[in-house]
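Asks: I have a structure here, written as C-alpha cells, and I will follow up with some questions on it.
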C-alpha cells in the first residue's frame, strides 16, 4: 500500500500537462477532462471568522477590512484572545461607605498571558467589548493626498483627450529630438509619474499643502549608551509587523487587533467556467455543495506489493485498482505511445484483457454474505484478487536503467457514464464515453 | 456578491497593491492608509518543504511555480482579494527583468487579472508627500538605492546603489557574534557561540538587530573607525551595557555592548571606492544638473525598513553635513542645508502607501498593461532598461535587444562613471 503513505508514487497527467496525484486533481464532468491546480480559477466564496465561526457577507467584510468585529488576536503572540469576566467593587457615589460589586470584562491571551490590562486598557462593562479602535493619525492627511492626486489625474486625463484631437505639427514634435531612447521612454508609462503635468496650475480647485521638509530628525537618546535594555519590553519585528499602522516598538504600545477573516474558496474550470468545487455556505460545515474531485470519478491505482527490482530482470508487480463510481466500469490499459515526459525507465507488459470493476457500494463492506467474485470471469493469470469494487492485477516490469528510480507509464481507458444535469432532465439514457488518462507510476529504487 | 460590491461602492473596484520587497512583502488595497499585512517574502518549496526567499530563485520555471504559491497566499490568506481587481506592483528600479516578467506571467496567465502596472518605489514615495521633486533613498534588505526624482521624472542617470543594507548588517552581526558572543547554558557553563552548532539563524540575527542594536552618533563612530583603521592613540568609546539574549530554553547569549553599537557601522564604513550609505546621497546630487541640486538636498526622503533603525536618520543627517566639509565634496558641492521629509506612514510602508495613492486614480487604466495588451505584445513588459518600443511591437531587433538587456549589471554601470565632467562645472 505504498500509495497510502506516499501519494506521489502514482500520478496522473492532467489536461494541462501537470503531473499530480489523483487526490490533487479535479474532474470536470462538463469537459470530461482532468483539471489540475493550474487550470482552475479560484474564487473567494464566503468570509468567516475562524474563532467565532461567524459568517460575514462580503460588503460587510470589505467595510471591516476583512476583520472580525468581535474576535481579537493577541498582539504579543498572535493567539486568539478570550474575554474574561471579573467583578470589581465600585464605589457608590450616593453613599460613600458602601461599594457594590460589578461585573467587568477584559481580554486575555490563554497562551502567553498577555491581558488588555497590561497596556492600561480600561475594563469594559459589556462582554462584547466596545473596545476603542486605534486610529491612524495620518488618516486625514492621506485622504487629502488622495483627493489631490485624483484631481490631478483627472486633469491629466482631459489633457490627453485634448491632445488626441488637436493635430500635432511635425516641427513641434519634440520627442524625436532625443532619439529613440527618450521616444521609447515617453511611451513607457511605468517610469513617469503624473507629476509631469504642471502641478502649480492656477485652476486647481483642490490643493494641498505639500509636505514640509525640516532639518531636524529624531536624535539618538543619550541614555542608549548607559541604560541597560530590558529585552522583554522591546517588541519583536513580528509583533511590529502585525500592526502595520503603528508598528509599536515598546510592549506598552501593543493593542489588540481584530482577527483576520478566513475565506472559503470555490474552484472553477477555466475552460467551461463550471464550478468544480463549491463549499457549503455555513462556516462550521466541512461539506461541499459541488465537489468534482478526481478521486470520485476516476479509477485509482495503488501499488499493492513491490517485488525485488533487479536490472534487466522481469518481475511481477501487483497493482490494485479501485472503482469510485457507482456503475460497472471496464478498464483497459494501453501502452503510452510517446514518452514526452521522459518518464519511463523500465519496460512494462500490461494485461491485454479488459479489467471489469464492480460498482462502488458503501454497504458492501458490512455485508459478507454475498460473494461477488462468482459474477466475473477473471483470467487468474492477470487478476489475483477481487473484493467489492477493488481488484488486484499483475503487471510485468523489467527495469532498464540501473541508477535511477524504476518508473513506468501507461494509459488508462475506461467507460464513464456521463450524467451531466442537462442530460438528466431530458430523461435520456446516460451517454457512455470512453475516457483516457495517462498514468505515471514510480516504483522506487532498484533493490538488488 | 460581486454585483453588490460594484453597486455599493460606485463602479471602479479598488485595485490591490503589492510591494514585494526583498525581505518583506507589503500587501493591501489601494486608498487605504496602511497595508493589510506585512509578510516575509518567502515561499515554501513543495518538494523539500524549505522556505526560500522569492528573489533567490534563479530558475525561471521554478520561480513561476513558486510565485503561484506565493501570490496565492497573498490573494487568499493575507489580502483576500475578490475577483477582477487591477494590480499595482511597487518595485525597485533594479528588480531583475526575469523576476518581473515571471511575476507578470503569473498574474496574467494564472490569476487572469485585468491589468497590472509596475511602478518604481522611489517615485511612489513622493506621492505620499504631495511634492514633485525629491531625493529618495531606499534602504531595504539587499541594496541601498538613491534615486533623485525631479518634477515627477526619475533621474536615472544619477541613480546610485550599494549592496549594503539589512543583509550586510546581519552578516556582520553574525560574524561578530561568532567571534565574541558567549553562550551560557542551563548549568551556567559558558562557551563561545561558535562551539554551539547553528543555533543563530537569520531570524534571530534580525531580532537581535531590531531589539538590541542602534546606529551610534557620528563622533563616537569616528572613534570606532579610527580604532579599526589602526590609528595610534585611538580609543573606543565606553560601550553601552551588554544584553542577555535568551536563545532557547537552555542557552543565553551575551551580546557585548560593543557589538550593539558597532553593528550598523558596516553601512557607514567607506568601502574601497570610498562609498557608504551617506555618500550615495551626495554622489547622486553631484550627478544631477546644478540647478536642481538645492531642491534635491532640501527634499530628502528616507524609505525602507532599515531607515527605521534607532538613530539611523540622525546619523545620515550629521554625516551629510560632515561630508560636505570633507575634501572630497568641499569644492564640488555648494549646498548649505539638508532637509528631510516625514512621510505620513511608517518608513517600511511608504512605497506601498505611494502605490496605494497612485492606484485609486483614473489614469491607472491608461497606465497599466491590460491582459489583452500583454498577450498581444508576446508577453513583454515595458521597461526602462530596454529599447524595445512597447507600442510598436513588430520591431524584432528590439525584442532581441530586450532579451539581452540584463538589469543586474546596470547598477554597476551607472556607478562607474564618476563623472569628472559634471565635477568641473561646479
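Asks: In percent, what relative contact order does the stretch B:166-267 have, based on Cα pairs under 8 Å that are 6 or more apart in sequence?
Replies: 36 percent
Asks: Can I ask one more? Just want to confirm a number: the relative contact order over chain B, from Cα pairs under 8 angstrom separated by 6+ residues, in percent.
Replies: 20 percent
Asks: Using the alpha-carbon atoms, what tilt in degrees (0 to 90, nearest 10) does helix B:60-73 show relative to the longest principal axis of chain B?
Replies: That helix lies at roughly 90 degrees to the long axis.
Asks: Please arrange A:208, B:204, B:145 by counting, for each residue, the other beta carbons lying within 10 Å of its beta carbon, fewest first.
Replies: By the 10 Å Cβ count, ascending, the order reads A:208, B:204, B:145.
Asks: For the stretch B:246-328, what's the relative contact order in percent, using C-alpha pairs closer than 8 Å and at least 6 residues apart?
Replies: Here the relative contact order equals 20 percent.
Asks: What average count of beta carbons from other chains do you get within 10 Å of the Cβ of residues in B:312-321?
Replies: 3
Asks: Right, another one. What ranking of B:25, B:295 emerges when the number of other C-beta atoms within 10 Å of each C-beta is taken as an exposure proxy, fewest first?
Replies: B:295, B:25
Asks: Okay, helix-only estimate at 222 nm for chain B: each DSSP H run of n ≥ 4 adds -39500 (n - 2.57), divide by all residues, round to 500 deg cm²/dmol; what do you get?
Replies: Roughly -10000 deg cm²/dmol at 222 nm, from the helical runs in chain B.
Asks: In chain B, what % of DSSP beta bridges are antiparallel (nearest 5)?
Replies: Expressed as a percentage, antiparallel bridges in chain B total about 70.
Asks: Further question: Sort B:124, B:380 so that the residue with the fewest other Cβ atoms within 10 Å of its own Cβ comes first and the one with the most comes last.
Replies: If I rank by nearby Cβ atoms, fewest first, I get B:380, B:124.
None of the figures in this text is laboratory data; all of them are computed from the coordinates on show. Not measured: the values here are computed from a predicted model. Neighbour counts run over all protein chains shown; Cβ positions are idealised from the backbone, glycine included.
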